[in-house]
Amino acid sequence: MSRPASGDAAVLRKARQAIASAQTVEQLRQAQAVVLPLDYGLSLADTAQVIGVSPGWVCQLRRRFMHGQIAGSPDAPTAGGRKRQNMSLEQEREFLAPFLEQAATGGVLVVGQIKAALDERLGREVALASAYNLLHRHGW
């Protein structure tokens, strides 16, 4: 048997208010992920089936709600992002500027040269795809 869902009366009251004032489907699902297990004794798997998400996502929604991270709010975590970036976008622009200027005058962009300069800048060897991805991010 799984452990009972956590949450006290204050959390439950706040979640019920969130259901009444939800403006998006995400906000409604998040509040339901809190209310359904506490009010009706549903398991996370049953709650997931009712609100149409995975059990793992129900757990995330509940945890975020209890920590005050309401879905759709500006401070809510979002998926994606550049978690393993080598340089910021501004640093990439500065790095690429001489190559793009050279390509504008000569019309040729040599990816091998960019990769070699990137290796030197980062102090380690990177894949050729890193140079292509860098160019792609900046419209080439």
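The numbers here are math on the coordinates, done by the rules we state, and not lab data. Bear in mind the structure is a predicted one, so any value in this text is a computation, not a measurement. Positions of Cβ are backbone-derived with ideal geometry, glycine not excepted, and every protein chain shown enters the neighbour counts.
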Using a Förster distance of 41 Å, the FRET efficiency for ASP8-HIS138 (Cβ separation, nearest 0.05): 0.20
Spin-label proximity, GLN113 to the range 88-107 - amide N less than 15 Å from point 7 Å beyond Cα toward beta carbon: 95-107
Principal-axis tilt of helix 25-40 within the chain, Cα atoms, nearest 10 degrees: 40 degrees
Backbone N within the range 36-53 under 17 Å of label point (7 Å from SER21 Cα along the Cβ vector): none
Folded to 0 to 90 degrees: helix 89-106 orientation relative to the chain principal axis, Cα: 40 degrees
Per-residue ³J(HN,Hα) for the range 120-137, Karplus 6.51 cos²θ - 1.76 cosθ + 1.60, θ = phi - 60°, Hz, x for Gly and Pro: 5, 4, 8, x, 7, 8, 10, 6, 4, 4, 5, 5, 5, 5, 4, 5, 4, 4
Rounded to 10°, Cα long-axis angle of helix 9-21 versus longest principal axis of the chain: 70 degrees
Matching label, semi-axes √(5λ) of the Cα gyration tensor in Å computed from the structure shown, candidates [x] 50, 15, 12; [y] 19, 18, 14; [z] 34, 18, 15: [x]
Those GluC sites (Glu not before Pro) in the range 56-140 that DSSP places in a loop and that have at most 14 other beta carbons within 10 Å: GLU125
